[in-house]
Amino acid sequence: MSITHINSFVCRYITTIEMVGVLMRIFSFSLVSWLGPASPFMFVWIFNTVDAVMLSWCSVLKKDKAYTMLNTFWIMVGVIGILRAGGFLH
């Protein structure tokens with residue numbers, strides 16, 4: 001499947017993809033808020049990074065520079081969180 005096909009799919013369902021991404025972010029931060037130190041941090045970081053990728057992709061296609069920057073920042077934060085939760089960074 002080419003990037004053009006993927007972009008067409010995302011454009012066709014962009015509102016739904018954005019809503020799912022936002023709900024994923026709300027869920028992941030709510031989980032950490034409710035469970036605190038007992039949170040499944042690796043799950044939360046992976047989940048949050050996936051939603052950041054989804055939202056970044058949508059914002060790139062919409063040419064929304066502010067949200068592209070915000071969500072690509074969350075991808076970087078997510079990768080660092082995954083590495084820390086996995087014990088690769090101290």
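The values are calculated or read from the model by the stated rules, or taken from the named source; none is laboratory data. None of these values were measured; they are calculated from a predicted model. Glycine also receives a Cβ, built like all others from the backbone with ideal geometry; neighbour counts cover every protein chain displayed. Side chains are part of the model used for accessible areas, which takes the heavy atoms of the whole protein and leaves out ligands, DNA and RNA. Shrake-Rupley method; radii C 1.70, N 1.55, O 1.52, S 1.80 Å.
Can you show me the helix-derived [θ] at 222 nm for the chain, built from DSSP H runs with n ≥ 4 at -39,500 (n - 2.57) apiece and divided by the number of residues, rounded to the nearest 500.
The helix-only estimate for the chain comes to -28000 deg cm²/dmol at 222 nm.
Given +1 at the Cβ of Lys and Arg, -1 at the Cβ of Asp and Glu and no other charges, the dipole of segment 1-70 around its Cα centre is 180 debye to the nearest 20. Taking the charge dipole of the chain about its Cα centre, with +1 at Lys and Arg Cβ atoms and -1 at Asp and Glu Cβ atoms, the residue from 6, 47, 20 reaching farthest to the positive side is 6.
Take every pair of alpha-carbon atoms less than 8 Å apart whose residues are at least six positions apart; their mean separation over the length of the chain yields a relative contact order of 28 percent.
Per-residue SASA remark: residue 82, around 50 Å² accessible (1.4 Å probe; ligands, DNA and RNA not included).
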